[in-house]
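Here's the structure, in structure tokens; my notes come after.
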Amino acid sequence: MQNVSRITLAQPAFDEEMAEAALHALQNERFVLGESVAKFEEEFSRYCGSKYGIATASGTAALTLSLLAVGVSQKEVITTPASFVATANAVIHAGGTPRFADISASTNTIDPDKVKGAISQATKAVIPVHLYGYPADMERLCSLAEQHDLLIVEDACQAHGATYNGRKTGTFGKAGCFSFYPSKNITVGGDGGMVVTDDSSIAEIVASLRDSGRAKGSKYDHVRLGFTERMNTVQAAIGRVQLKRLNGWNEKRLEIAKLYDGLLSDIEEVDLPPRGNDRIKPVHYMYVIRASQRDRLMKWLNDEGIECGVHYPVPIHLQPIYRKIYQFREGQFPNSERLCRDALSIPIYPGLSESSVRKVSEQIHRFYAQHHT
């Protein structure tokens with residue numbers, strides 16, 4: 001039940017059906033890579049429209065193992081600096097070098113024109129990030145990839161169920177990577193991830209890499225330098241229950257986003273998130289506004305009992321470790337930097353009541369009525 005005294009930014013779902021599924025898995029299956037994991041892989045890949053699903057310990061693991069499977073070692077991988085740092089970290093862990101392309105100011109996703117300008121002879125792959133659940137421009141990105149003989153590995157960690165031209169995100173490239181972190185549209189009671197692919201070789205390599213490099217069907221023959229990045233069976237059991245509800249939850253998020261759109265559209269100091277259209281169907285992992293006086297507004301809302309967040313306050317290229325390794329500097333990717341200065345995530349999740357949405361919107365109106373720029 002929602003705490004009436006405070007409106008939270010997100011609220012992970014966990015109920016009796018999920019608890020029963022988790023307990024059944026504990027009592028009847030192997031704790032790691034049990035029957036529920038295989039079923040979750042099959043059901044999630046079918047939901048996405050892919051042939052294979054490989055469950056992992058996190059979205060970061062899904063990205064890293066996918067990049068290892070497609071072979072980016074000693075190569076450049078183009079992605080966006082407007083994402084969680086794990087997107088670029090995965091490139092480095094897979095032996096590649098991240099190269100950044102700025103976002104489009106209108107969609108917050110990687111700009112295909114900037115990607116084109118970043119391609120070099122060393123470029124092997126592109127990682128589009130479907131930020132906040134809004135699909136990147138996959139038609140143009142796939143066209144670029146085909147023209148320049150590049151691979152696409154999608155970071156769909158925030159876009160479970162989002163579609164582009166009727167096709168679900170995660171299915172356009174050689175592999176699509178998802179996260180089930182507790183704030184996501186579908187969760188597993190902790191960290192978790194999934195790789196989906198139509199390529200049987202990639203599926204086999206990722207499955208081996210997550211399991212200490214084991215050969216398929218063997219216990220002690222190790223054919224790769226692998227990792228321990230498996231999903232546990234209890235989490236898969238919870239994920240299977242949540243998957244059945246994902247479409248309904250996404251529809252509820254869409255309703256909340258439309259309500260926010262109507263209530264906030266008259267505030268000059270606020271830019272609303274990009275809206276979907278006939279081609280693009282977002283799933284609103286976060287409802288992120290661009291707000292003048294962002295930090296003051298966030299404090300105001302928090303003081304009023306409304307939890308907010310910033311996703312993300314520092315673009316990847318300006319993170320201390322990236323400045324140290326690659327000597328990135330401010331001003332190189334202005335749209336990404338501007339998003340990080342202005343972005344404010346306000347509450348959205350399927351259980352959020354209409355009255356709470358109206359309260360959040362009312363408080364944003366009140367703030368700007370008292371703090372004109």
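Throughout, read-outs are computed from the coordinates displayed, never taken from laboratory work. Just so you know, these numbers come straight off a predicted model, no measurement behind them. Backbone-built Cβ (ideal geometry, glycine too); neighbour counts: all protein chains shown.
Cβ-Cβ distance of Asp149 and Gln74, R₀ of 22 Å, FRET efficiency by 1/(1 + (r/R0)^6): the value works out to about 0.85. Based on every Cα atom in region 238-341, Rg and the maximum pairwise Cα distance Dmax equal 17.2, 46 Å.
Rounded to the nearest Hz, the phi-derived 3J(HN,Hα) couplings of region 89-100 under the Karplus curve 6.51 cos²θ - 1.76 cosθ + 1.60 (θ = phi - 60°) are 4, 4, 4, 5, 4, 8, x, x, 10, x, 10, 9, where x marks glycine and proline.
Rounded to the nearest Hz, the phi-derived 3J(HN,Hα) couplings of region 319-329 under the Karplus curve 6.51 cos²θ - 1.76 cosθ + 1.60 (θ = phi - 60°) are 5, x, 5, 6, 4, 5, 7, 10, 6, 5, 9, where x marks glycine and proline. Among Tyr164, Tyr220, sorting on how many other beta-carbon atoms sit within 10 Å of each Cβ, with the fewest leading, yields Tyr220, Tyr164. Report summary: the helix-based calculation at 222 nm, which adds -39500 (n - 2.57) for every DSSP H run with n ≥ 4 and divides by the residues of the chain, gives -12500 deg cm²/dmol.
For region 147-156, the Karplus equation 6.51 cos²θ - 1.76 cosθ + 1.60, evaluated at θ = phi - 60°, returns couplings of 5, 10, 6, 10, 9, 10, 10, 7, 8, 9 Hz by residue, with Gly and Pro reported as x.
In terms of its alpha-carbon gyration tensor, region 52-180 comes out rounded; the largest-to-smallest axis ratio a/c stays below the 1.5 threshold. Put in line by how crowded their Cβ is, counting other Cβ atoms within 10 Å and starting with the fewest, His222, His317, His284 read His222, His317, His284. State whether region 1-72 is rounded, prolate or oblate according to the following rule on the C-alpha gyration tensor (a ≥ b ≥ c being the square roots of its eigenvalues): a/c under 1.5 gives rounded; otherwise a/b larger than b/c gives prolate, and the remaining case gives oblate. Because a/c hits 1.5 or more and a/b fails to exceed b/c, region 1-72 counts as oblate. Going by neighbour counts of Cβ atoms within 10 Å, the residues Thr79, Thr97 line up, fewest first, as Thr97, Thr79. Under the convention that each Lys and Arg Cβ holds +1 and each Asp and Glu Cβ holds -1, the size of the dipole of the chain around its Cα centre is about 560 debye. Can you find, among Gly248, His222, Pro273, the residue farthest towards the positive end of the dipole of the chain? Put +1 on the C-beta of Lys and Arg, -1 on that of Asp and Glu. Checking the options against the dipole of the chain, the answer is His222. Under 19 Å of direct C-alpha separation, and excluding same-chain neighbours fewer than eight residues apart, Lys114 reaches these lysines: Lys75, Lys124.
I need the fraction of alpha carbon pairs in region 315-373 separated by more than 18 Å, rounded to a whole percent. Looking at region 315-373, the distances longer than 18 Å represent 58 percent of pairs. Of Lys174/Lys252; Lys168/Lys299; Lys116/Lys168; Lys39/Lys216; Lys281/Lys359, which sit over 29 Å apart, Cα to Cα? Violating the 29 Å limit, Cα to Cα: Lys174/Lys252; Lys168/Lys299. For region 179-303, the equivalent ellipsoid derived from the Cα gyration tensor has semi-axes of 41, 17, 15 Å, listed largest first.
For Cα extents along the principal axes in Å, the value calculated from this model appears in [x] 68, 53, 39; [y] 64, 59, 37; [z] 94, 67, 35 under label [x].
Put simply, the amide H of Leu352, placed in the peptide plane, has no neighbours under 5 Å, leaving out anything fewer than 5 places away on its chain. The Cα atoms of region 114-232 give a gyration tensor whose axes a ≥ b ≥ c have a/c of 1.5 or more with a/b no greater than b/c, which makes the shape oblate.
So how far, in whole Å, is the C-alpha centre of region 264-328 from the one of region 81-138? Centre-to-centre distance over Cα atoms comes out at 18 Å.
Here the calculated FRET efficiency for Ala19 and His371, from their Cβ-Cβ distance with R0 = 51 Å, stands at 0.70, rounded to the nearest 0.05.
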